[in-house]
Every structure is written in structure tokens, then in C-alpha cells.
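Participant: Please see the structure below; I have some questions.
The values are calculated or read from the model by the stated rules, or taken from the named source; none is laboratory data. This one's a predicted model, so the numbers in the text were calculated from it and none came from an experiment. Protein only, heavy atoms only, side chains kept; ligands, DNA and RNA dropped before computing areas. Shrake-Rupley method; radii C 1.70, N 1.55, O 1.52, S 1.80 Å.
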Amino acid sequence: MRNFIRVIAATAAATALLLGTAQASPAADPVVVDAGGPGDVGVGGLTETKPADKRSNVVFSRTVTNRIDSALWNTSRYLESSYSLTGLTAGASYELRLYFLDWYFTRPGQRVFDVDVNGQRVLSDFDIIGTAVAAGADAPLTAFGVEKDFAVTADANGEVRVDLVRGAVEQPQINAIVLVPAA
């Protein structure tokens, strides 16, 4: 019976993501968004699935602190887009984790973009491959996962908004977003 209840809870959470009504509170489980995958709540841009022949190291310990399900790395949303994580406790503190894996471009400087959270720039001239290479990755042979974490506060409407903004070169791209209530 306990496993049945877990399945129902997981199904409800997936449905909430699909409908764009994902919610969390300081005592709740993390909100997980599979950018470009099932339940993606992003607006704008296009989605893509990683081709099977593209090699990746998604658990590169120098750039990924908090592991996520490996399936989340296999989809992405690219071009300018926005994510609104709603139903949160207004004024509550969270840790926002953004996950990036670029399998399309292979060298630093080919994709450089910005990320805003709640209207504030948190990443300027962000280069997924450049970040991985600076940490010791051997691109272009393999795509490496990169995680960026930020302390955020839900606004007065109980929302955290993430905007991927076109930067100096090409277009932004993201694979997953995780919002964890602050400890």
C-alpha cells in the first residue's frame, strides 16, 4: 500500500509540472523541471533531445555538486525562454539549481548567454563548455554537465522566475531546474 501511495504522489507531482502548477513550500519536496522533457513548464524557445551518439559526462564532480536523475540531462530547451515556478511560500528562501549540458557546440565561446532570476542577472556571459573546460574537462570529445546554484527568495506572489536571455553568441540553453527549500 505504501508503494501505491508513493506512485500516486509521484503521478500528482508530474501532473502538476505538466500543468504548470508545480508547488513547493519550505517543508515540501524539491520542485524539479525537466527542461524540454515531460512536464516542462517553460515558455518560449524550442526543445531538443540529446542524440544517442553524443557522449556526455553528467556527473563531472568539478562542475556538478548535486546529482540529478540522468534522464534530466537528455533533454533541453534552447533559445530565449522563461520558467515561472509558482505556488511557493511568499518570502521563503530556496536554493535554485540550474543544470546545463551542451551537446551541440563543442568548443568554448560558441554559446554565450545570460540568466536572470526574479529580474536580477545571476549569470553574465555564461559559457557551458568554457565553464567545464576551465574546470578540467576534455571537451570537445565529451559534453560535460554544469550546475550553477543560487540562493533565491520567492516573491510576494510566491513565485521564482528564471529567464534565459540571448547573450553575446548564439542562444541560451538549459537542461533542468531544481528548486530546494532552504534548510
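Participant: Compute the accessible area per residue over segment 17-173, keeping the other protein chains in place, probe 1.4 Å, unit Å².
Facilitator: On a per-residue basis, segment 17-173 sits at 47 Å².
Participant: What is the ratio of the Cα radius of gyration of segment 33-75 to 2.2 N^0.38 Å, with N the residue count, to two decimals?
Facilitator: Here the answer is 1.27, to two decimals.
Participant: With bins 10 Å wide starting at 0, give me the P(r) of segment 36-183 over every alpha carbon pair, in whole percents.
Facilitator: 12, 43, 36, 9, 1
Participant: Roughly speaking, what % of Cα-Cα pairs in segment 63-135 are separated by over 14 Å, rounded to a whole number?
Facilitator: Result: 70 percent of Cα pairs exceed 14 Å.
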